[in-house]
Amino acid sequence: MSAVPEPEQQRLDALLVEKRLFPPTAEFSARANAHDPGIYARADADPEGFWAEMAEGLRWMRPYERVLEWDPPHARWFLGGRLNVADNCLDRHCEGPRRNKAAIIWEGEAGDTRTLTYQQLRDDVARCANVLRSLGVARGDRVAIYMGMVPETVVAMLACTRIGAAHTVVFGGFSADALRERIRDAGCKLLITQDGAWRRGRVVPLKASARDALQGVPGVARTLVLRRVGDRAEPVTIPGEVDWHEAMTGASPLCPCEPMDAEDMLYILYTSGTTGKPKGIVHTTAGYLLGASLTHRLVFDLKEDDVYWCAADIGWVTGHSYIVYGPLANGATVLMYEGTPDFPERDRHWRIIDRHGVNIYYTAPTTIRTFMRWGADLPARADLGTLRVLGSVGEPINPEAWMWYHEHVGRGRCPVVDTWWQTETGAIMIAPLPGLVATKPGSATRPLPGVAAEVLDEGGQPVGPGGGGNLVLTRPWPSMMRTIFGDDDRYVRQYWSRYPGRYLTGDGAKRDEDGYFWLLGRVDDVMNVSGHRLSTYEIESALVDHPRVAESAVIGRHDDLKGQAVAAFVTLKESSEALSGEALKSELRAHVAQKIGPIARPDEVYFTAELPKTRSGKIMRRLLRDIAEGRALGDTTTLADPAVVQHLKEQYEESEGA
Ligand code: PRX
């Protein structure tokens with residue numbers, strides 16, 4: 001099934017053929033922040049010189065001595081330099097004309113709004129920093145943040161950076177178990193949470209999950225709790241809890257920014273890898289801030305009066321780099337929305353854009369495809385006249401969705417910037433500079449100035465035009481991850497050993513005859529479900545944790561709306577009686593949701609007597625993918641027992657037909 005009705009599809013196909021290249025308009029280019037095409041060659045000729053020049057845009061407390069120390073695969077940027085991220089994001093703006101400019105325009109799910117100027121945000125951050133100090137948090141400590149899309153989440157993050165503590169934000173859709181695992185791994189001293197978060201008019205019980213997560217975690221003596229939903233949350237008590245509002249009321253708004261080393265840790269953000277254990281991606285201070293702010297200014301062509309909206313959740317890297325650090329370092333006005341796009345109606349995003357005069361809008365392909373399904377008449381009823389630039393992130397955007405976005409949201413007038421990057425890269429790596437690069441629907445175009453990417457074959461040779469291969473980055477960049485928290489070996493192994501000296505992204509890509517990059521999705525056992533990164537192994541571990549499951553294999557199968565859907569093949573420990581038990585299937589899905597979070601809940605569970613394995617015992621996920629996507633089976637000669645997969649295929653087709 002396609003996300004778009006057939007006639008619409010044909011119309012878009014025709015458009016794609018007619019107009020494959022979208023060059024910037026002369027008017028846009030003339031005003032663009034990046035308007036000199038020489039920027040690419042200049043950065044290529046002298047990358048360190050380029051980054052040094054760009055780093056002049058940051059406010060330093062002490063100048064750095066050296067741009068880069070590259071001891072592959074370990075990089076240190078801006079050695080000896082001192083600065084503070086909160087100072088860059090807040091204080092320096094408060095010393096000039098941005099002082100009373102809106103930093104955050106926030107809209108709650110119920111329609112309530114709040115605006116925080118740079119000065120107000122700075123004061124709140126300083127107060128919160130003092131609260132953190134009073135709760136025993138010091139420079140070098142780690143703080144877990146488990147909150148929703150409220151301004152206080154930004155305050156909490158910046159308060160940590162102000163005093164030199166690293167935060168680890170855990171997405172509110174993760175379960176208590178997932179939160180506990182991250183708090184433990186990062187060795188957090190404090191947890192900041194809220195009673196509950198609004199989602200589609202219902203309360204997500206964050207505090208109850210936080211309480212459960214803290215069982216058996218003695219290191220977290222205090223929990224700071226924001227009241228957001230009040231009486232609507234179930235009453236929960238956490239030992240040692242402190243009320244956010246009460247603590248903030250008594251706190252002083254004076255709190256100097258800690259001078260941090262350029263290479264001090266800024267935050268840890270956990271992401272899924274190819275094992276059951278999430279990786280704590282470590283970002284440091286100066287390089288990360290430079291990457292996030294520069295790309296935000298250039299890729300979105302930010303202007304002083306813009307209202308900028310990134311619709312991602314703050315619990316993902318997109319929220320870190322493009323709701324908080326990039327935009328605030330640039331002194332932008334950030335729109336932040338608490339809820340879902342379909343609450344109370346499916347036109348919520350268009351209403352928000354019109355209500356607040358949004359100029360730049362950044363969202364994920366899965367959301368765009370959902371909008372397509374809801375119909376073009378919804379954006380058509382809105383004005384959307386303020387929009388100037390549209391962004392896409394999180395997964396490959398199919399050309400149909402790109403065109404729909406361009407036509408129905410951008411009204412043919414706004415450049416669409418498809419931005420490829422990862423938690424690990426910290427900032428956008430491959431994307432058009434909208435005043436300089438002609439876009440092609442479905443392509444992230446070319447690496448940004450200073451970034452070097454290649455598509456390599458298995459032997460490490462660059463693949464020619466049209467061929468597919470592994471996407472690698474061939475040069476260090478300032479916002480690159482520095483390590484995996486507590487597991488540097490894994491960092492070296494996972495990212496730098498496949499092609500020594502080159503960073504393995506885990507994504508497949510191809511280049512066309514113009515050198516443009518087309519992303520093909522993950523080539524490892526990482527799935528991308530609605531722009532959320534999930535590990536097959538993590539879900540498999542959650543399934544085998546259930547007492548009735550003997551073994552499981554999880555794959556991401558193509559899904560028109562979500563990009564990928566989670567399909568789980570499960571063998572049970574006991575007799576075959578329960579083999580078709582719908583109740584057990586629901587139980588297993590719920591079990592995964594409880595272990596990891598609702599985002600990881602399998603879309604489908606299939607029971608099978610056996611899983612297809614090679615003679616050495618390795619599960620052949622490729623074949624399961626063939627089955628789940630209804631393809632002819634690929635090569636089965638390495639299977640220990642080819643009959644297993646044939647049987648599985650028949651079973652699958654039966655259950656699909658049923
Ligand atoms: O597969 C790529 C996909 O998302 C992965 C990174 O996921 P995560 O670390 O959660 O960060 C998501 C937000 C940056 C990548 O390895 N991805 C992200 N953006 C794109 C993309 N795939 C294709 N095109 C994109 N624009």
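The values are calculated or read from the model by the stated rules, or taken from the named source; none is laboratory data. Here the structure is a predicted model, which means the values were calculated and not measured. Positions of Cβ are backbone-derived with ideal geometry, glycine not excepted, and every protein chain shown enters the neighbour counts. Surface accessibility is based on the protein's heavy atoms, side chains included, excluding ligands, DNA and RNA. Shrake-Rupley method; radii C 1.70, N 1.55, O 1.52, S 1.80 Å.
The table for this structure:
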quantity: Calculated [θ] (222 nm, deg cm²/dmol) that DSSP helices of n ≥ 4 give over the chain, each run adding -39,500 (n - 2.57); calculated: -8500 deg cm²/dmol
quantity: Gyration tensor (alpha-carbon) shape descriptor, the chain, a/c threshold 1.5; calculated: rounded
quantity: Net length gained if the chain between Asp603 and Ala376 were fully extended (0.36 nm per residue, minus Cα distance); calculated: 79.0 nm
quantity: Whole-number accessible area per residue in Å² for the chain, which is evaluated in the context of all protein chains at 1.4 Å; calculated: 37
quantity: FRET efficiency, Ala550 to Leu254 (Cβ-Cβ, R0 60 Å, nearest 0.05); calculated: 0.50
quantity: Protection-proxy order for peptides 596-602, 336-342, 214-220, each taking the mean of Cβ atoms within 10 Å per residue, highest first; calculated: 596-602, 336-342, 214-220
quantity: Set of lysines with alpha-carbon distance to Lys618 below 27 Å, sequence-local pairs under 8 removed; calculated: Lys277, Lys279, Lys573, Lys585, Lys595, Lys649
quantity: Computed magnitude of the charge dipole of the chain (debye, nearest 20; Cβ of K, R +1, Cβ of D, E -1); calculated: 1120
quantity: Prolate/oblate/rounded label for the range 142-286 (Cα gyration tensor, a/c 1.5); calculated: oblate
quantity: The range 161-265, relative contact order [Cα under 8 Å, separation at least 6], %; calculated: 28
quantity: Using a Förster distance of 22 Å, the FRET efficiency for Ala41-Ser497 (Cβ separation, nearest 0.05); calculated: 0.10
quantity: Integer Hz, Karplus 6.51/-1.76/1.60 couplings in order for the range 610-619, x for Gly and Pro; calculated: 8, 9, x, 10, 6, 4, 8, x, 7, 6
quantity: Relative contact order, percent, the chain [alpha-carbon distance under 8 Å, six or more residues apart]; calculated: 13
quantity: Fraction of accessible area attributable to carbon and sulfur, the range 366-455 (%, probe 1.4 Å); calculated: 48
quantity: Residue (of Tyr64, Thr153, Val451) at the positive-pole extreme of the chain, dipole from beta-carbon charges; calculated: Tyr64
quantity: Packing-based ranking, highest mean first, of 96-104, 238-246 given that Cβ atoms within 10 Å are counted; calculated: 96-104, 238-246
quantity: Interchain or long-range residues, amide H under 5 Å from Gly273's placed H; calculated: Lys279
quantity: Per-peptide average of other Cβ atoms within 10 Å, ordering 465-475, 155-165 highest first; calculated: 155-165, 465-475
quantity: Pair Glu27, Ala640: separation of 7 Å Cα→Cβ label points (nm); calculated: 6.7
quantity: Rg followed by Dmax, in Å, when the range 530-657 is reduced to its Cα trace; calculated: 13.9, 38
quantity: Magnitude of the charge dipole, the range 530-657, Cβ model with Lys/Arg +1 and Asp/Glu -1, debye to 20; calculated: 520
quantity: Mean Cα-pair separation over length for the range 530-657, i.e. relative contact order, pairs under 8 Å, 6 or more apart, %; calculated: 21
